[in-house]
1. Mind listing the phi-derived Karplus ³J(HN,Hα) values for segment 19-32, rounded to whole Hz, using 6.51, -1.76 and 1.60 with θ = phi - 60°, and x for any glycine or proline?
2. Just order 147-155, 26-34 by mean Cβ neighbour count inside 10 Å, highest at the front, would you?
3. Calculated FRET efficiency, residue 39 and residue 14, Cβ-Cβ r, R0 22 Å, to nearest 0.05?
Amino acid sequence: MFEVLVYVYENYWRGDACPEPEQLGRKLSAQGFDPQEIRDALRWLDGLNMATQGIELIRHAGGTSATVGAAPPVLPGSPDSMRIYSTAEQEHLGAECLGFIRFLESSQVLSAGLREIVIDRAMATNGDALSLGELKIIVLLVHWSAGVEPDALVLDELSDDASTRVAH
């Protein structure tokens with residue numbers, strides 16, 4: 001499924017540029033993707049679309065960039081609050097992914113609202129534990145669906161394979 005999601009991300013600059021599910025399914029099928037993988041990806045993308053519909057964009061001066069903020073929660077969060085992960089979330093995400101989510105939050109790349117969408121979409125994936133690479137794809141797609149490109153350094157971190165880096 002992640003190969004299909006990466007293809008969609010790479011070929012449609014923004015989430016709103018993506019064709020309707022039926023047409024997208026035909027295009028993906030023409031590209032040779034497995035029908036089950038296509039169904040799983042389209043179902044996952046539908047859930048992503050539903051999850052990001054309530055997102056509020058705060059446009060910066062000039063209108064070329066924006067900050068993503070979630071719609072106001074019923075109870076406002078406190079800066080001292082902490083997200084407690086369920087056992088199922090801990091098992092499916094694993095320590096590496098949970099640490100990366102925390103890194104993105106502390107870097108102010110991922111608001112609490114976006115974090116919840118990332119976790120929701122991560123939990124909607126099939127299989128055992130999620131890899132860090134798969135989580136990065138999910139984070140990219142959440143930003144993509146919201147219509148905001150992450151900062152260049154963040155985009156580099158999300159796109160880069162850390163195992164090939166050379167320490168200086």
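Nothing in this text is a laboratory measurement; each read-out follows from the coordinates by a stated rule. Please read all numbers here as calculations on a predicted model, not as lab measurements. All Cβ positions, even for glycine, are placed from backbone atoms using ideal geometry, and neighbour counts span all protein chains on display.
1. So the J values, rounded to whole Hz, are x, 4, x, 5, 5, 4, x, 5, 5, 5, 5, 5, 7, x.
2. Going by the mean number of other Cβ atoms within 10 Å, highest first, we get 147-155, 26-34.
3. Numbers: r = 23 Å, r/R0 = 1.06.
Step by step, r from the Cβ atoms, then E = 0.40.
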